[in-house]
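Colleague: I am attaching a structure below and will ask some questions about it afterwards.
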Amino acid sequence: MPNMSTNKQLYNGETVSGKTLSDADFMRYSRQVLLPEVGEAGQLQLADACVAIIGLGGLGQLAAQYLACAGVGNLILIDMDKVEVSNLPRQLLFNDGDIGLNKARVAKRKLNNLAPHCTVTAHETAFNAETHADQLADVLLAKQQGKRVLVLDCTDNFATRQSINRCCIEAALPLVSASIAAFSGQLFAVDQMQLPSGGCYQCIFPAQTRVSQSCGTQGVLGSSVGVMASMQSLVAMQLLLSMDSDCDKAQNSLLGHFWRFDAKSLVWTSAALTRDPHCNVCGSKELHPSFNMHSKLHSMEI
Ligand SMILES: [Zn+2]
């Protein structure tokens with residue numbers, strides 16, 4: 001049995017606001033804390049962090065498990081759908097006994113067992129103009145308190161993706177978006193506060209874009225979904241730990257890049273994102289860090 005206090009001194013040179021990890025947490029997260037990029041300070045930041053996961057399907061339920069088990073302290077789960085038998089080959093958090101139950105509710109119950117330290121809030125409602133202010137209220141509060149916050153778009157609906165993007169841009173919330181249909185995966189992260197030149201989802205896919213692909217119409221392999229969920233979770237962890245600031249912004253930033261994954265050839269390709277100066281979401285708006293969601297409800301289009 002290693003001497004815990006000695007290891008703490010070895011692994012950690014700084015803590016958050018004088019807080020320290022308990023011995024139990026130090027053991028639990030020891031493989032992460034060993035990484036200099038995490039350390040005790042990073043683990044404490046994760047414990048304070050608040051992440052909203054919109055969509056608890058193939059991507060969201062895996063990302064929720066990764067983040068909760070990694071020590072993220074607060075998860076907001078948003079999904080109005082119920083578990084169906086056709087979900088089970090790729091949505092591994094669910095089983096036959098969950099069929100017919102709300103995904104966010106089931107995920108909350110199971111995450112409470114997997115990661116009892118994580119405070120999970122379930123919203124059994126769709127993400128739309130009437131609901132998003134309530135659904136994201138805890139994330140905005142955490143942001144105002146200076147904690148790490150993030151929104152994960154794990155939906156498979158184009159209109160909802162546009163809506164999530166608009167909310168995140170207007171509220172200055174960092175967004176990590178992933179999707180996959182058939183053998184084609186997509187992933188990108190945007191943060192208007194850190195890299196406004198990276199643009200937004202609407203810069204890539206304007207509202208008039210015709211998007212017909214989804215798992216429901218194109219089919220997908222569960223393992224392909226797992227790859228995208230893992231990558232989305234990895235990007236989320238790096239942003240929560242501010243690891244992107246260690247990268248060369250011009251060459252290797254997490255933000256401002258769009259990745260595609262070909263699940264047949266296993267090839268990843270990426271392209272730099274640039275803001276469309278005519279984008280009606282991010283191109284011409286002033287940023288409002290203290291954005292009031294309620295004031296924007298009328299402008300949402302779903
Ligand atoms: Zn834009």
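The values are calculated or read from the model by the stated rules, or taken from the named source; none is laboratory data. These numbers come from a predicted model, not from an experiment. Note that each Cβ is placed from the backbone with ideal geometry, even for glycine, and that neighbours are counted across all protein chains shown.
Colleague: Within segment 126-138, which residues are surrounded by fewer than 24 Cβ atoms within 10 Å (Cβ to Cβ) and of a type in the set (A, V, I, L, M)?
Modeller: Ala126, Ala129, Ala133, Ala137
Colleague: For segment 246-302: of the residues being at pLDDT 85 or above and among the acidic types (Asp, Glu), which is nearest to the ligand (Cβ to nearest atom)?
Modeller: Checking each candidate, the answer is Asp276.
Here is a yes/no grid of residues against (1) in contact (Cβ under 8 Å) with a residue 60 or more places away in the chain; (2) buried (at least 23 other Cβ atoms within 10 Å of the Cβ); (3) among the β-branched types (Val, Ile, Thr); (4) more than 16 Å from the ligand (Cβ to nearest atom):
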site: Asn165; (1), (2), (3), (4): yes, yes, no, no
site: Ala171; (1), (2), (3), (4): yes, yes, no, no
site: Ala181; (1), (2), (3), (4): no, no, no, yes
site: Gly185; (1), (2), (3), (4): yes, yes, no, yes
site: Met193; (1), (2), (3), (4): yes, no, no, no
site: Thr209; (1), (2), (3), (4): no, no, yes, no
site: Gly226; (1), (2), (3), (4): yes, no, no, yes
site: Met231; (1), (2), (3), (4): no, no, no, yes
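Colleague: To continue, here is another question. Quick one: would you say Ala189 is buried (at least 23 other Cβ atoms within 10 Å of the Cβ), under 21 Å from Ala63 (Cα atoms) and among the small types (Gly, Ala, Ser)?
Modeller: So Ala189 fits the description; yes.
Colleague: Here's a follow-up. Please verify whether Val106 is among the β-branched types (Val, Ile, Thr) and under 23 Å from Gly42 (Cβ atoms), treating the condition exactly as stated.
Modeller: Judged against the criteria, Val106 is not a match.
Colleague: Here is a check on your reading of the model: is Leu150 away from the ligand (no atom under 16 Å from the Cβ), at negative phi and hydrophobic (A, V, I, L, M, F, W, C)? Spell out how you get there, then give the answer.
Modeller: Details: away from the ligand (no atom under 16 Å from the Cβ): yes; at negative phi: yes; hydrophobic (A, V, I, L, M, F, W, C): yes.
Here the answer is yes, as Leu150 does meet what is asked.
Colleague: Here's a follow-up. Give all pairs with beta carbons closer than 6 Å in which a residue from segment 90-102 that is surrounded by fewer than 21 Cβ atoms within 10 Å (Cβ to Cβ) meets a residue that is part of a loop (DSSP other than H, G, I, E, B); count only pairs at least 6 apart in sequence or on separate chains.
Modeller: Taking only residues 6 or more apart or on different chains, the pairs are Ile99/Val83; Leu101/Val83; Asn102/Glu124.
Colleague: Right, here's the next one. Among the numbered criteria (1) surrounded by 17 or more Cβ atoms within 10 Å (Cβ to Cβ); (2) among the β-branched types (Val, Ile, Thr); (3) away from the ligand (no atom under 16 Å from the Cβ); (4) modelled with pLDDT under 90, which single criterion is violated by Ile204?
Modeller: (3)
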